[in-house]
Structures are given as C-alpha cells and as structure tokens.
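Everything below concerns the one structure shown next.
Every number here is computed from the coordinates shown, using simple stated rules; none is lab data. Owing to the predicted nature of the structure, the values given are computational and were not obtained by experimental measurement. Glycine gets a Cβ as well: all are built from the backbone with ideal geometry, and neighbour counts include every protein chain shown.
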Amino acid sequence: MNISIVGRHITLTDELKNQIQSTIDTFGKYNLDIISVNAIISQEQKNGKNIVTFEYLLNVAHQDTIVVKQRDKDLHNAIDIATDRVCKILRRHADKIKSHSNTKLTEVVISDEEDLVAVELEKLENEIVPIRLNSYKPMEIGDALAELKEESGVFKVFYDLDDNFRVLYKMKESDKYGLY
C-alpha cells in the first residue's frame with residue numbers, strides 16, 4: 001500500500017504524520033487490496049476563522065476511488081471523523097465481498113437429516129415417480145383448468161399471473177376442482 005501525506009498551507013509535524021499513519025494502518029484490518037492512500041490536509045481562512053480540511057483518497061482494487069473529505073475547526077476531530085467514515089465504507093465493501101463468496105462442492109456438508117430423507121426416498125422409489133414441471137411461464141387459472149380437463153389428469157401445477165405457485169386438482173367423486 002502506497003501512502004502519501006500532504007499538507008497544503010500547513011506544516012506537518014512528526015506527531016501529526018504518526019497519527020495519520022496509525023489511522024491509515026487500521027484500514028488493513030478489512031483485508032482489502034488497497035493500492036494507495038493519500039491524506040491531504042489543507043487550511044484556509046473563511047470569515048476570519050481557520051478551517052481545516054482533511055481528505056482521504058483511497059484506491060481500492062476492483063472498486064472506484066474512495067474520496068472522503070471532512071471540514072472542521074479542529075484538525076484532530078477532522079481526522080477522526082474522516083477515518084470513521086472511511087472505515088465504514090471499507091467495512092461495507094468487505095462485508096459485501098464476504099457475503100457473495102461461493103461454497104465449493106467439496107465444502108458442502110450433508111446433514112444427518114438430509115441423509116434420512118434420502119434413505120426414505122430410496123425406500124419409496126418404486127412408488128414415487130418424479131415429474132418435471134412443464135409450464136414455467138405464468139398462466140391464468142382458466143387456462144390451467146382448460147389444460148387439466150384436456151389432459152384428463154388429476155392435477156395441474158403452475159404459476160399464476162401474480163407469480164404464485166398454484167396446484168389445481170380434480171376432487172374425488174365430483175366434477176369440481178380445487179385450487180391451492
């Protein structure tokens with residue numbers, strides 16, 4: 001990580017450089033590929049008051065440049081607030097990367113409960129026949145009813161126009177149909 005600390009219209013003391021260096025070192029705890037950090041301190045007078053502007057420019061790999069600018073009357077407050085804001089941005093980015101991690105097939109652990117389900121399905125293999133859902137497109141309930149009557153089946157599984165999973169079935173000993 002390349003670090004540069006620049007002072008504009010202000011003299012940088014060794015104490016101030018060490019404080020900024022220690023705050024920049026805290027960025028390493030997020031395990032991101034930080035290419036460079038630029039800390040820019042500038043001082044200006046507005047309406048007779050000294051205003052200090054502290055700015056961080058971070059170049060992080062695979063992300064746009066992070067720019068955080070903080071103005072305050074006190075330089076140390078500006079540094080602390082800007083550091084907190086950068087830490088928040090880096091934490092969010094690190095969390096985003098961690099939550100999108102993929103699990104390798106070798107890392108998948110099958111629980112005992114899943115094994116029991118597989119054993120139970122093997123017992124019922126001769127009785128249960130898996131059937132693929134033919135219709136993935138949403139359809140109206142009336143169209144599903146017409147298809148069910150046409151196929152002379154017992155049930156029809158489909159998605160309605162509101163993208164709800166539905167089951168239309170013929171009731172026993174009746175010419176009526178039920179809908180889940």
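Over the chain, the fraction of Cα-Cα pairs per 10 Å bin, rounded to whole percents and listed from the shortest bin up, is 7, 21, 14, 11, 10, 12, 13, 8, 3, 0. Summary of packing: across the peptides 1-14, 62-75, the per-residue average of other C-beta atoms within 10 Å ranks them, highest first, as 62-75, 1-14. Here r is the Cβ-Cβ distance between LEU12 and LYS98 and R0 is 25 Å; the resulting FRET efficiency, rounded to 0.05, is 0.10.
Distance from the alpha carbon centroid of the range 41-104 to that of the range 141-156 works out to 61 angstrom.
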